[in-house]
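Since the structure comes first, as structure tokens, the remarks are kept for the end.
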Amino acid sequence: MESKDKIIHLKSGILDIWNESVFSQQSSFKWFEDLQEILFNFFGIQKAKYFIYDAETFLELSGNHSFSKKLNAIKWAEIETFFYDKDFIDVHTLQIKHSSDNDVALLLRDVERQQPLGLIIMETTEKWKEFSLTPQLNEFIQTITKLVKTIKKSVFLTQQENQYRNLFNVTKMFNSTLDIGQILEGTLHSIQLAFPKFESILILSNDQERKTSVPYKLFDYTTERNTTVEAYVSGEITTELAQDLGVRLLNIPIVGKQGIYGILQISAPLDYLFSIRQKDFAILLAEAAGNALENAKLYIQSHRLVSDLQLINETSHKLNMNLSLEEMLVFLRDQLIKSFQPEHVGFVFIENDEFKISSVSTDLFHTIDGQLYIQYVTNHFKTQKDSIFIADFNRLTDLKYEYRSLVAIPLKEQSNITGFSIIMHKEPYYFSFDNYKLMQSLIQHSSLAISNSTLRNKLQKMVDRDHLTNLFARNYLDRYVEKAMDTDDQGVFVLIDIDNFKRVNDTHGHQIGDDILKQIARVIQGMIKNKGISARWGGEELALYFSHMSLEQGIEMCEQLLVTIPQETNPSVTVSIGISNWHRSDDLSFNNLFHNADTVLYKAKNNGKNQLRVYKASHSS
């Protein structure tokens, strides 16, 4: 066959391929099967392969090339050296390294873009050698090039249409919901449609909404692979040949306008190469997901902000009411539990480098295990004033702690740390940064009320105590006894007067007199302990009250005082004591009880002192 006739028949066969393949769903690979038949019929060529050019690489065409392992890839760098002393446009055939000596390669070019289009590697035959020397070779290659460009454009448009339909559908869903779970689910579904044979996973930043059933893992700088961290930090797509995992990783950052919210990671076989089109689609999907997540987060944050402000306002209003410190802490504990769902809440007060755990704290903090966390936080606040936000406690120590999420906010009085509030949970990364900031605000607004309550308690203690002896003041004892007489069944009231106290002051001076009062107060406090309360009644008079105690028990206690006080005072002094008691059936007021004790005390003083007298119902002593 003349070469001119041959080229006409060749072009006619190629035109038939164009007619059959350009609109076919299988056009991406079926066309080359037809071309192979033409090469066999005209040149006796039995073996031929076509390589698609993408991302500086020639990738072998196959029926499922989008998902199969891309074997026998040829880098453009391996071919480019062939053109160092030749014109790229003029060279049609070349020898490929690693190919057989009996093979020939036809380089197809996109002349407009000045870049390769594809590569045909085939065995050479005598008929081919003869044809390759004719002027028709160039026309043949141009015809194949036009076919490939048309097929490539058709395939690109078809695949692009499918991708953009996928992207349109998921974006439409993104724009119709503010549910983070639905957004994440839609993102995973779309990427799995695009890469059905590959594994995909979402790696989300720690501030994501946790209430979702979509499988994901939290991003952790210290354990993630370097390429994953790089993608998260830079906002640029990265790939990695992860030999240890046996996969090739594609890391696509989920980017919004205000930040990066995680990584969409695809795992492919080691020898798979992602195309530029595939990467572009993944980037567009991740950006759409990032913007949707951002809108949802802003919506949630706006509602949460309103809720947080309401919580802070409610808490501030409640704490500024006239509540006791314990009532305040109970309310605040309940607010923290409602807002953050911790497993344990504690309040700790620090005084003189020692910590005191509030009784309203949950049970753990009253155990040895709980005090390990308390000691850690206390040591922190001894040197630093910053709040503590720990996502995973076990990352700070070789020891394995049961409760891994911890937030501790200091309680301050002016600039001094007087204690702290602490919440904990077993699960790491349980508390979000928003939780941390809200708790900071809540405790800061509460600190003043707690501080005021603490100061009121201190002031009340100062009012309730005699500053010289540290015994209770008379007003406190009055209130205590009146309340006891309303609730108890019986009790004993005692008045004590120091004998010849004026003589002590005149002889030794008032400072010694004050010391005598202190010494007697210590004796009384040491003897009665939890059996009753003691007060300075006025001047050199002291008073005792024993709740639920019988008269006989009260007399026994006072007899011990008569003996012990002279022994424990220096200079030694004696006391006179008057005792009265009451029962529920007596219909007795506190004034009567006091008057009875005062009456018998007067008798003890007038009958020689250093003795006790007991008031009896018959009015005898």
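Only the coordinates and a few stated rules stand behind these numbers; no lab work does. Bear in mind that the values here come from a model prediction, so they are computed numbers and not experimental data. Cβ sites come from the backbone with ideal geometry, for glycine too, and all protein chains shown count toward neighbours.
Cut-off is 10 Å between beta-carbons; in what order do 179, 353 appear when sorted fewest neighbours first?
Details: 179 17, 353 7.
Least to most surrounded, the residues fall as 353, 179.
Exceedance of the 23 Å cut-off in Cα-Cα distance is limited, within the set 172/297; 318/385; 217/338; 49/152; 30/149; 502/529, to 318/385; 217/338; 502/529.
How many nm is it between the label spots at residue 550 and residue 314, if each spot is 7 Å from the Cα in line with the beta carbon? For residue 550 paired with residue 314, the spin-label model returns 5.4 nm. Legend: P(r) of region 320-456 from all alpha carbon pair distances, 10 Å bins from 0, whole percents, reading 12, 47, 35, 6, 0. Rounded to the nearest 20, the Cβ-based charge dipole of region 519-566 about its Cα centre (Lys and Arg +1, Asp and Glu -1) stands at 260 debye. For region 428-567, the Cβ-based charge dipole about the Cα centre amounts to some 740 debye (Lys, Arg positive; Asp, Glu negative; other atoms uncharged). In this structure, the amide hydrogen of residue 110, modeled 1.01 Å from its nitrogen in the peptide plane, lies closer than 5 angstrom to those of 115, 117, counting only residues at least 5 positions away or on a different chain. Across region 171-272, the convex hull enclosing all Cα atoms gives 109 Å³ per residue. Between residue 611 and residue 146, the contour length at 0.36 nm per residue exceeds the Cα-Cα span by 154.6 nm. Couplings for region 414-427, taken from phi via the Karplus curve 6.51 cos²θ - 1.76 cosθ + 1.60 with θ = phi - 60°, read 6, 9, 8, 7, 9, x, 7, 10, 9, 10, 9, 8, 5, 6 Hz in order; Gly and Pro are left as x.
Once you treat every alpha carbon in region 472-614 as an equal point and sum by Debye, what is log10 I(q)/I(0) at q = 0.09, 0.12, 0.15 Å⁻¹? Log-scaled intensity ratios, in q order: -0.25, -0.45, -0.69. Close amide-amide hydrogen proximity is noted between residue 490 and 548, each under 5 Å apart and 5 or more residues distant or on a separate chain (H modeled in the peptide plane; Pro and chain starts excluded). Is there a pair in 483/531; 531/609; 75/146 whose C-alpha atoms are over 19 Å apart, and which pairs would that be? Too far apart for the 19 Å limit: 531/609; 75/146. Qualifying GluC sites (Glu not before Pro) in region 100-200, where qualification requires a DSSP coil assignment and no more than 13 other C-beta atoms within 10 Å, comprise 112. Proximity of backbone amide H atoms, modeled 1.01 Å from N, is registered between residue 429 and 392 at under 5 Å, excluding neighbours fewer than 5 places apart on the same chain. A simple rule links phi to the HN-Hα coupling: the Karplus curve 6.51 cos²θ - 1.76 cosθ + 1.60 with θ = phi - 60°, which for region 254-260 gives 8, 10, x, 6, 10, x, 10 Hz, with x for Gly and Pro.
Here the 3J(HN,Hα) profile of region 292-298, calculated from phi with Karplus coefficients 6.51, -1.76 and 1.60 at θ = phi - 60°, is 5, 4, 5, 5, 5, 5, 5 Hz, Gly and Pro shown as x.
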